[in-house]
Amino acid sequence: MKNKSLLSINDYSKEEHIQILDHAEKFEKKPIQNLLNGYVIATLFFEPSTRTRLSFESAISRLGGRVIGFADSSSSSVSKGETLKDTILTVSNYADLIVMRHPKEGSARYASEVSPVPIINAGDGANQHPTQCLLDMYSIRKTQGTLNDIKIAFVGDLKYGRTVHSLVIALCNFNTEFHFVSPPSLKLPNSIKRHIKKNNLSFQEYYELDNILPIADIIYMTRIQQERFSDPIEYERVKNVYKLTPDLIENTKENMKIMHPLPRVNEIVESVDESSKAYYFTQALNGVYVRQALLTSILGKI
Ligand code: CP
(Lines give C-alpha, C1' and ligand atoms only; values in the text may rest on other atoms or scores of the structure.)
Protein backbone atom coordinates (compact mmCIF):
# COMPACT_ATOMS: atom_id res chain seq x y z
CA MET A 1 0.00 0.00 0.00
CA LYS A 2 3.05 2.27 0.28
CA ASN A 3 2.46 5.48 -1.71
CA LYS A 4 -0.79 4.05 -3.13
CA SER A 5 -3.66 6.52 -3.31
CA LEU A 6 -7.06 5.36 -2.01
CA LEU A 7 -9.74 6.73 -4.35
CA SER A 8 -12.27 3.92 -4.47
CA ILE A 9 -12.64 0.92 -2.19
CA ASN A 10 -11.78 -1.25 -5.23
CA ASP A 11 -8.29 0.25 -5.36
CA TYR A 12 -7.30 -2.06 -2.49
CA SER A 13 -7.75 -5.83 -2.51
CA LYS A 14 -9.69 -7.87 0.06
CA GLU A 15 -6.34 -8.82 1.64
CA GLU A 16 -5.35 -5.16 1.88
CA HIS A 17 -8.70 -4.28 3.49
CA ILE A 18 -8.12 -6.97 6.11
CA GLN A 19 -4.56 -5.80 6.67
CA ILE A 20 -5.84 -2.26 7.40
CA LEU A 21 -8.41 -3.63 9.87
CA ASP A 22 -5.75 -5.71 11.62
CA HIS A 23 -3.47 -2.67 11.94
CA ALA A 24 -6.42 -0.60 13.20
CA GLU A 25 -6.97 -3.14 15.98
CA LYS A 26 -3.41 -2.48 17.15
CA PHE A 27 -3.96 1.29 17.07
CA GLU A 28 -7.11 0.85 19.13
CA LYS A 29 -4.97 -0.81 21.82
CA LYS A 30 -2.22 1.83 21.53
CA PRO A 31 -3.42 5.01 19.79
CA ILE A 32 -0.55 7.29 20.82
CA GLN A 33 2.57 6.48 18.77
CA ASN A 34 5.17 8.76 17.25
CA LEU A 35 5.14 7.15 13.80
CA LEU A 36 4.42 10.30 11.77
CA ASN A 37 6.90 12.62 13.45
CA GLY A 38 8.19 15.02 10.75
CA TYR A 39 5.32 14.30 8.34
CA VAL A 40 2.89 16.95 7.11
CA ILE A 41 -0.55 15.90 5.89
CA ALA A 42 -2.99 18.21 4.12
CA THR A 43 -6.74 17.97 4.66
CA LEU A 44 -8.55 19.78 1.84
CA PHE A 45 -12.30 19.83 2.43
CA PHE A 46 -14.29 21.46 -0.36
CA GLU A 47 -17.48 20.10 1.27
CA PRO A 48 -18.59 20.21 4.94
CA SER A 49 -17.46 17.47 7.33
CA THR A 50 -17.26 16.83 11.05
CA ARG A 51 -16.22 13.19 11.50
CA THR A 52 -14.04 12.53 8.49
CA ARG A 53 -11.92 15.66 8.77
CA LEU A 54 -11.63 15.69 12.55
CA SER A 55 -10.94 11.96 12.87
CA PHE A 56 -8.21 12.25 10.25
CA GLU A 57 -6.76 15.22 12.12
CA SER A 58 -7.03 13.40 15.43
CA ALA A 59 -5.36 10.32 13.90
CA ILE A 60 -2.49 12.46 12.55
CA SER A 61 -2.03 14.32 15.86
CA ARG A 62 -1.97 11.08 17.88
CA LEU A 63 0.78 9.82 15.57
CA GLY A 64 2.92 12.94 16.00
CA GLY A 65 2.29 14.37 12.51
CA ARG A 66 1.28 17.90 11.50
CA VAL A 67 -1.89 18.96 9.69
CA ILE A 68 -2.33 21.81 7.18
CA GLY A 69 -5.36 22.55 5.04
CA PHE A 70 -8.82 24.04 5.00
CA ALA A 71 -12.28 23.08 6.15
CA ASP A 72 -13.98 25.58 3.89
CA SER A 73 -12.66 26.25 0.39
CA SER A 74 -14.03 29.82 0.49
CA SER A 75 -11.03 30.64 2.71
CA SER A 76 -8.61 29.32 0.05
CA SER A 77 -7.62 30.65 -3.37
CA VAL A 78 -10.29 28.41 -4.90
CA SER A 79 -12.60 31.38 -4.18
CA LYS A 80 -10.40 33.44 -6.55
CA GLY A 81 -10.91 30.91 -9.32
CA GLU A 82 -7.90 28.64 -8.77
CA THR A 83 -8.36 25.25 -10.44
CA LEU A 84 -8.29 21.92 -8.59
CA LYS A 85 -5.15 20.98 -10.52
CA ASP A 86 -3.28 24.14 -9.43
CA THR A 87 -4.47 23.68 -5.83
CA ILE A 88 -3.22 20.09 -5.73
CA LEU A 89 0.11 20.90 -7.40
CA THR A 90 0.67 23.70 -4.89
CA VAL A 91 -0.38 21.80 -1.76
CA SER A 92 1.71 18.77 -2.76
CA ASN A 93 4.76 21.03 -2.35
CA TYR A 94 3.86 21.40 1.32
CA ALA A 95 2.55 17.95 2.32
CA ASP A 96 3.50 14.26 2.12
CA LEU A 97 -0.10 13.13 1.56
CA ILE A 98 -3.40 14.86 0.75
CA VAL A 99 -6.79 13.92 2.18
CA MET A 100 -9.49 15.49 0.02
CA ARG A 101 -13.28 15.79 0.06
CA HIS A 102 -14.93 17.35 -2.97
CA PRO A 103 -18.55 17.58 -4.18
CA LYS A 104 -17.69 16.41 -7.71
CA GLU A 105 -17.66 12.69 -8.51
CA GLY A 106 -14.30 11.61 -9.89
CA SER A 107 -12.46 14.61 -8.43
CA ALA A 108 -10.25 12.47 -6.17
CA ARG A 109 -9.14 10.32 -9.10
CA TYR A 110 -8.42 13.45 -11.13
CA ALA A 111 -6.39 14.89 -8.22
CA SER A 112 -4.37 11.67 -8.01
CA GLU A 113 -3.52 11.94 -11.71
CA VAL A 114 -1.88 15.34 -11.22
CA SER A 115 -0.50 14.86 -7.70
CA PRO A 116 3.06 13.70 -6.96
CA VAL A 117 1.94 12.67 -3.43
CA PRO A 118 -0.74 10.08 -2.53
CA ILE A 119 -4.37 11.16 -2.35
CA ILE A 120 -6.97 9.75 0.03
CA ASN A 121 -10.55 10.27 -1.11
CA ALA A 122 -12.56 11.55 1.86
CA GLY A 123 -15.76 11.52 -0.21
CA ASP A 124 -16.37 12.63 -3.83
CA GLY A 125 -19.96 13.64 -4.45
CA ALA A 126 -22.35 10.68 -4.49
CA ASN A 127 -19.59 8.36 -5.69
CA GLN A 128 -17.31 6.83 -3.03
CA HIS A 129 -16.21 7.20 0.60
CA PRO A 130 -13.58 4.48 0.98
CA THR A 131 -12.22 5.44 4.41
CA GLN A 132 -15.75 5.40 5.85
CA CYS A 133 -16.10 1.98 4.26
CA LEU A 134 -13.03 0.68 6.05
CA LEU A 135 -14.24 1.96 9.41
CA ASP A 136 -17.65 0.42 8.70
CA MET A 137 -15.97 -2.93 7.97
CA TYR A 138 -13.96 -2.57 11.16
CA SER A 139 -17.16 -1.86 13.13
CA ILE A 140 -18.97 -4.87 11.65
CA ARG A 141 -16.04 -7.21 12.35
CA LYS A 142 -15.64 -5.87 15.87
CA THR A 143 -19.31 -6.26 16.79
CA GLN A 144 -20.13 -9.49 14.93
CA GLY A 145 -16.74 -11.21 15.27
CA THR A 146 -16.55 -11.75 11.50
CA LEU A 147 -17.20 -10.12 8.15
CA ASN A 148 -18.47 -13.36 6.62
CA ASP A 149 -22.15 -14.25 6.06
CA ILE A 150 -23.52 -11.04 7.57
CA LYS A 151 -27.15 -10.09 6.91
CA ILE A 152 -27.14 -6.33 6.41
CA ALA A 153 -30.04 -3.97 5.74
CA PHE A 154 -29.16 -0.63 4.15
CA VAL A 155 -31.91 1.94 4.75
CA GLY A 156 -32.60 5.39 3.27
CA ASP A 157 -30.82 7.18 0.46
CA LEU A 158 -29.15 4.36 -1.43
CA LYS A 159 -28.94 6.32 -4.66
CA TYR A 160 -26.72 9.18 -3.52
CA GLY A 161 -25.26 7.51 -0.39
CA ARG A 162 -21.55 7.18 -1.17
CA THR A 163 -20.89 5.31 2.09
CA VAL A 164 -23.43 2.68 0.98
CA HIS A 165 -21.86 2.36 -2.46
CA SER A 166 -18.37 1.74 -1.05
CA LEU A 167 -19.52 -0.67 1.66
CA VAL A 168 -21.70 -2.80 -0.64
CA ILE A 169 -18.77 -3.22 -3.04
CA ALA A 170 -16.39 -4.20 -0.22
CA LEU A 171 -18.85 -6.65 1.37
CA CYS A 172 -19.22 -8.51 -1.93
CA ASN A 173 -15.95 -10.22 -0.91
CA PHE A 174 -17.58 -11.77 2.17
CA ASN A 175 -20.69 -13.73 1.14
CA THR A 176 -22.98 -11.01 2.46
CA GLU A 177 -26.81 -11.17 2.38
CA PHE A 178 -27.94 -7.73 1.20
CA HIS A 179 -31.32 -6.09 1.92
CA PHE A 180 -31.99 -2.63 0.51
CA VAL A 181 -34.77 -0.45 1.93
CA SER A 182 -35.45 2.81 0.11
CA PRO A 183 -38.13 4.90 -1.58
CA PRO A 184 -38.42 3.96 -5.28
CA SER A 185 -36.68 7.21 -6.28
CA LEU A 186 -33.62 6.49 -4.08
CA LYS A 187 -32.81 2.88 -4.99
CA LEU A 188 -29.27 1.57 -5.20
CA PRO A 189 -27.68 2.38 -8.62
CA ASN A 190 -27.78 -0.41 -11.20
CA SER A 191 -23.99 -0.39 -11.55
CA ILE A 192 -23.67 -1.54 -7.91
CA LYS A 193 -26.42 -4.13 -8.29
CA ARG A 194 -24.50 -5.52 -11.27
CA HIS A 195 -21.40 -5.75 -9.07
CA ILE A 196 -23.34 -7.83 -6.51
CA LYS A 197 -24.60 -10.19 -9.24
CA LYS A 198 -21.12 -10.49 -10.75
CA ASN A 199 -19.98 -11.82 -7.38
CA ASN A 200 -22.78 -14.45 -7.42
CA LEU A 201 -24.55 -12.84 -4.48
CA SER A 202 -28.20 -11.91 -4.25
CA PHE A 203 -30.10 -8.95 -2.84
CA GLN A 204 -33.65 -7.94 -2.09
CA GLU A 205 -35.24 -4.51 -2.31
CA TYR A 206 -38.04 -3.18 -0.10
CA TYR A 207 -39.95 0.00 0.48
CA GLU A 208 -41.12 -0.81 4.03
CA LEU A 209 -38.62 -1.09 6.88
CA ASP A 210 -40.52 -3.26 9.38
CA ASN A 211 -40.21 -6.78 7.96
CA ILE A 212 -36.48 -6.76 7.51
CA LEU A 213 -35.58 -5.66 11.04
CA PRO A 214 -35.93 -9.07 12.84
CA ILE A 215 -33.49 -10.88 10.54
CA ALA A 216 -30.71 -8.27 10.21
CA ASP A 217 -27.31 -8.49 11.95
CA ILE A 218 -26.61 -4.88 10.97
CA ILE A 219 -29.06 -2.10 10.19
CA TYR A 220 -27.17 0.57 8.29
CA MET A 221 -29.29 3.75 8.42
CA THR A 222 -28.53 6.72 6.18
CA ARG A 223 -29.67 10.29 5.94
CA ILE A 224 -31.81 11.51 3.03
CA GLN A 225 -29.28 14.02 1.69
CA GLN A 226 -31.04 17.26 0.86
CA GLU A 227 -27.91 18.68 -0.78
CA ARG A 228 -27.92 15.99 -3.51
CA PHE A 229 -31.48 16.73 -4.75
CA SER A 230 -31.95 19.02 -7.75
CA ASP A 231 -35.76 18.95 -7.22
CA PRO A 232 -36.81 20.32 -3.77
CA ILE A 233 -40.32 18.85 -4.16
CA GLU A 234 -38.87 15.37 -4.52
CA TYR A 235 -36.82 15.92 -1.31
CA GLU A 236 -39.96 17.01 0.57
CA ARG A 237 -41.70 13.83 -0.60
CA VAL A 238 -39.10 11.45 0.85
CA LYS A 239 -37.37 13.34 3.68
CA ASN A 240 -39.26 11.69 6.56
CA VAL A 241 -39.84 8.30 5.03
CA TYR A 242 -37.91 6.22 7.62
CA LYS A 243 -37.70 6.78 11.35
CA LEU A 244 -36.10 4.16 13.61
CA THR A 245 -37.74 4.16 17.05
CA PRO A 246 -37.24 2.05 20.22
CA ASP A 247 -40.46 0.14 19.39
CA LEU A 248 -39.16 -0.88 16.00
CA ILE A 249 -35.96 -2.41 17.39
CA GLU A 250 -37.69 -4.42 20.12
CA ASN A 251 -37.85 -7.69 18.20
CA THR A 252 -34.43 -7.54 16.60
CA LYS A 253 -31.55 -10.00 17.08
CA GLU A 254 -29.75 -9.78 20.40
CA ASN A 255 -26.42 -8.86 18.82
CA MET A 256 -27.88 -6.65 16.10
CA LYS A 257 -26.15 -3.29 15.80
CA ILE A 258 -27.47 -0.06 14.32
CA MET A 259 -24.87 1.75 12.28
CA HIS A 260 -25.05 5.17 10.61
CA PRO A 261 -22.21 7.10 8.94
CA LEU A 262 -23.73 10.28 10.46
CA PRO A 263 -24.74 13.05 10.48
CA ARG A 264 -28.31 12.02 11.20
CA VAL A 265 -31.29 14.29 10.77
CA ASN A 266 -34.38 12.47 12.03
CA GLU A 267 -34.06 8.92 10.72
CA ILE A 268 -33.03 7.58 14.15
CA VAL A 269 -34.93 9.16 17.04
CA GLU A 270 -32.68 10.22 19.92
CA SER A 271 -34.21 7.78 22.40
CA VAL A 272 -32.70 4.91 20.35
CA ASP A 273 -29.27 6.19 21.51
CA GLU A 274 -29.94 4.60 24.93
CA SER A 275 -30.11 1.13 23.41
CA SER A 276 -27.08 -1.19 23.52
CA LYS A 277 -27.85 -1.79 19.84
CA ALA A 278 -27.04 1.83 18.93
CA TYR A 279 -23.47 1.72 17.64
CA TYR A 280 -23.08 4.88 15.52
CA PHE A 281 -21.02 6.99 17.93
CA THR A 282 -18.57 4.14 18.61
CA GLN A 283 -18.50 3.59 14.85
CA ALA A 284 -17.31 7.22 14.46
CA LEU A 285 -14.61 6.62 17.10
CA ASN A 286 -13.38 3.58 15.17
CA GLY A 287 -12.62 6.00 12.33
CA VAL A 288 -9.60 7.30 14.22
CA TYR A 289 -7.93 3.86 14.47
CA VAL A 290 -8.72 2.91 10.89
CA ARG A 291 -7.35 6.22 9.60
CA GLN A 292 -4.22 5.78 11.70
CA ALA A 293 -3.75 2.39 10.04
CA LEU A 294 -4.35 3.81 6.59
CA LEU A 295 -2.02 6.80 6.93
CA THR A 296 0.86 4.77 8.34
CA SER A 297 0.41 2.09 5.65
CA ILE A 298 0.44 4.60 2.77
CA LEU A 299 3.40 6.49 4.25
CA GLY A 300 5.30 3.22 4.77
CA LYS A 301 5.54 3.55 8.54
CA ILE A 302 4.16 0.10 9.46
N1 CP B 1 -19.47 10.02 7.91
C2 CP B 1 -19.09 11.21 7.42
O3 CP B 1 -18.55 11.30 6.30
O4 CP B 1 -19.33 12.26 8.24
P5 CP B 1 -18.86 13.76 7.97
O6 CP B 1 -19.63 14.25 6.76
O7 CP B 1 -19.18 14.52 9.21
O8 CP B 1 -17.39 13.72 7.65
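The values are calculated or read from the model by the stated rules, or taken from the named source; none is laboratory data. Everything numeric here is computed off the predicted structure, so don't read it as measured data. Ideal geometry is used to build each Cβ from the backbone, glycine not excepted, and the neighbour counts take in all protein chains shown. Areas reflect the complete protein model, heavy atoms only, side chains present, ligands, DNA and RNA absent. Shrake-Rupley method; radii C 1.70, N 1.55, O 1.52, S 1.80 Å.
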Can you compute the modelled spin-label distance between PHE203 and LYS2, with each label point 7 Å from Cα toward Cβ, in nm?
3.7 nm
Once amide hydrogens are built 1.01 Å from N within the peptide plane, the residues lying 5 or more places from ILE268 or on another chain with amide H under 5 Å from its amide H are LEU244
What are the residues whose amide H is under 5 Å from the amide H of GLY69, where those residues sit 5 or more places off or on another chain and H is modelled from the backbone?
THR43
As a test, work out the antiparallel percent of DSSP beta bridges whose residues both lie in the range 51-188, rounded to the nearest 5.
10 percent
If one compares the long axis through the Cα atoms of helix 51-62 with the longest principal axis of the Cα atoms of the chain, the angle in degrees, nearest 10, works out at 50 degrees
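From the alpha carbon gyration tensor of the chain, can you work out the equivalent ellipsoid semi-axes (sqrt of 5 times each eigenvalue) and give them in Å, largest to smallest? Mind showing how you got there, number by number?
Values: eigenvalues 195, 99, 63 Å².
Semi-axes from the Cα gyration tensor: 31, 22, 18 Å.
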Distance between the C-alpha centers of the range 28-45 and the range 255-291? Whole Å please.
25 Å
Arranged from highest to lowest average of other beta-carbon atoms within 10 Å per residue, in what order do the peptides 2-10, 129-137 appear?
129-137, 2-10
Accessible area of LEU285 in the full protein assembly, 1.4 Å probe (Å², nearest 10)
80 Å²
Work out the FRET efficiency for ASN190 and LYS253 from their Cβ-Cβ distance, taking R0 = 41 Å, and round it to the nearest 0.05.
0.85
3J(HN,Hα) from dihedral phi, the range 192-204, Karplus parametrisation 6.51/-1.76/1.60, rounded to Hz, x for glycine, proline:
7, 4, 4, 4, 4, 5, 4, 8, 6, 10, 10, 8, 10
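Starting from the Cα gyration tensor of the range 1-141, multiply each eigenvalue by 5, take the square root, and state the resulting semi-axes largest first in whole Å. Kindly include the intermediate steps, with their values, before the conclusion.
Working: eigenvalues 118, 61, 38 Å².
Taking √(5λ) for each Cα gyration eigenvalue gives 24, 17, 14 Å.
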Can you give the extra length, in nm with one decimal, that the chain gains between ILE32 and VAL114 once fully stretched, where that is 0.36 nm per residue apart less the Cα-Cα distance?
26.2 nm
Just to check I understand the Karplus step: with θ = phi - 60° and J = 6.51 cos²θ - 1.76 cosθ + 1.60, what whole-Hz values come out for the range 141-146, glycine and proline as x?
4, 5, 8, 9, x, 6
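Quick one: if the Förster radius is 35 Å, what FRET efficiency do ASP11 and ASN266 give, using the C-beta to C-beta distance and rounding to 0.05? It would help to have the intermediate numbers written out before the result.
Working: r = 34 Å, r/R0 = 0.99.
Rounded to the nearest 0.05, the efficiency is 0.50.
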Along Cα→Cβ, 7 Å out, is where each label goes; now give me the distance between the ones at ASN240 and THR90 in nm to one decimal.
4.6 nm
I need the phi-derived Karplus couplings for the range 213-227: 6.51 cos²θ - 1.76 cosθ + 1.60, θ = phi - 60°, integer Hz, Gly and Pro marked x.
4, x, 9, 7, 7, 10, 10, 9, 7, 9, 7, 7, 8, 3, 5
Subtracting the Cα-Cα distance from 0.36 nm times the residue separation, let me have the gained length for GLN226 to ILE302 in nm, one decimal.
23.4 nm
Enter the accessible area per residue of the chain (Å², integer; probe 1.4 Å; all protein chains in place).
43 Å²
In whole percent, and with a 1.4 Å probe on the protein chains, what portion of the accessible area of the chain is carbon and sulfur?
46 percent
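Can you tell me how much longer the chain between LEU285 and ASP72 gets when fully stretched, taken as 0.36 nm per residue apart minus their C-alpha distance, in nm with one decimal? Intermediate values should be presented prior to the final figure.
Numbers: separation 213, 0.36 × 213 = 76.68 nm, distance 2.31 nm.
Once the chain is fully extended between LEU285 and ASP72, it gains 74.4 nm.
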Could the peptides 268-275, 156-163, 50-57 be put in order, highest first, of the mean number of other beta-carbon atoms found within 10 Å of their residues?
156-163, 50-57, 268-275
